[in-house]
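Peer 1: Quick one: structure below, then a few questions.
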Amino acid sequence: MSRAPASGRAEERSTWTGWLRARTLDAMPPEHLLPDTQPAYVASWIYVFGVLALTAFVVVCASGLVIALKGPTWWQVSSRGHFVNSLHLWSVELFFFFMVVHLWGKFFMAAWRGRRALTWITGAVIFLASIGTAFTGYLVQQNFDSQWISTQAKDGINATGIGAFWNVLDFGQMLLWHVALLPLAVSVLIVLHILLVRKSGVVPPIGVDLDGRVEGAAAKEAAP
């Protein structure tokens, strides 16, 4: 397939759709978006926890969708509801475990190297937004635990000055935050985070440059 002439590419950029397509392809070429090879150091276990956190998040969303559609009577009375509710809870636990290990691993690898600061920032914001999502999840359980947590959290949140806008005693408001707003924000941030990883590549370990070569003293030790 022959490439379009330069004049044709200039004409494509004259429209906003052509400009957007050209900018997207420049920033995210297909070989970066869907790579078929990875550096050898990606075989390390520390690179697995990001994918594990993403897998757990998919299970969280799927089980949470079923719970939201069935309603509180189903997940508190039905045996199947208990199972799906437990699946939702433990997938959240695994999601946070994998995410914390992933964050700490990338912190000690200085994952913001190589102009990856925005990738690191989006990961940290995902963690903070996930805390809010999990907290509102406790508040919408419709049991004694959720009532106790909401009443105990009320005074602390009111002390920050946002209690008038974010009322933890309002079940409808907390359900909206937990089911729609916060999961949507986390999902968008995860997609952005993955795209940034694809754009800049997986961060190499400390002592390995962007081309996969060993740097500094480690290179001298490895040399024959």
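Peer 1: How many residues are crowded, with 17+ Cβ neighbours inside 10 Å and hydroxyl-bearing (S, T, Y) if we restrict to region 50-65?
Peer 2: So the answer is 1.
Peer 1: Does region 75-90 hold any residues that are under 21 Å from T133 (Cβ atoms) and of a type outside the set (V, I, T), and which are they?
Peer 2: If the condition is that a residue be under 21 Å from T133 (Cβ atoms) and of a type outside the set (V, I, T), then W75, Q76, G81, N85, S86, L87, H88, L89, W90 are the ones that fit.
Peer 1: May I ask you to verify whether W90 is at pLDDT 95 or above, part of a helix (DSSP H, G or I), aromatic (F, W, Y) and over 16 Å from the mean Cα position of the chain (by Cα)?
Peer 2: yes
Peer 1: Something else now. If L89 passes every condition in (1) among the aliphatic types (A, V, I, L, M); (2) assigned by TED's automatic domain parsing to the domain that holds V48; (3) buried (at least 20 other Cβ atoms within 10 Å of the Cβ) but one, which one does it miss?
Peer 2: (3)
Yes/no per residue for (1) at pLDDT 95 or above; (2) crowded, with 16+ Cβ neighbours inside 10 Å; (3) not aliphatic (A, V, I, L, M):
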{"site": "I67", "(1), (2), (3)": "no, yes, no"}
{"site": "K70", "(1), (2), (3)": "no, no, yes"}
{"site": "G81", "(1), (2), (3)": "no, yes, yes"}
{"site": "F108", "(1), (2), (3)": "no, no, yes"}
{"site": "G114", "(1), (2), (3)": "no, no, yes"}
{"site": "I126", "(1), (2), (3)": "yes, yes, no"}
{"site": "K154", "(1), (2), (3)": "no, no, yes"}
{"site": "N158", "(1), (2), (3)": "no, no, yes"}
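Peer 1: Determine whether Q76 is outside any helix (DSSP H, G or I) and in contact with a helix residue (DSSP H, G or I) (Cβ under 9 Å, 6 or more places away or on another chain).
Peer 2: no
The values are calculated or read from the model by the stated rules, or taken from the named source; none is laboratory data. Since the model is a prediction, treat every value here as computed from it, not as a measurement. Neighbour counts run over all protein chains shown; Cβ positions are idealised from the backbone, glycine included.
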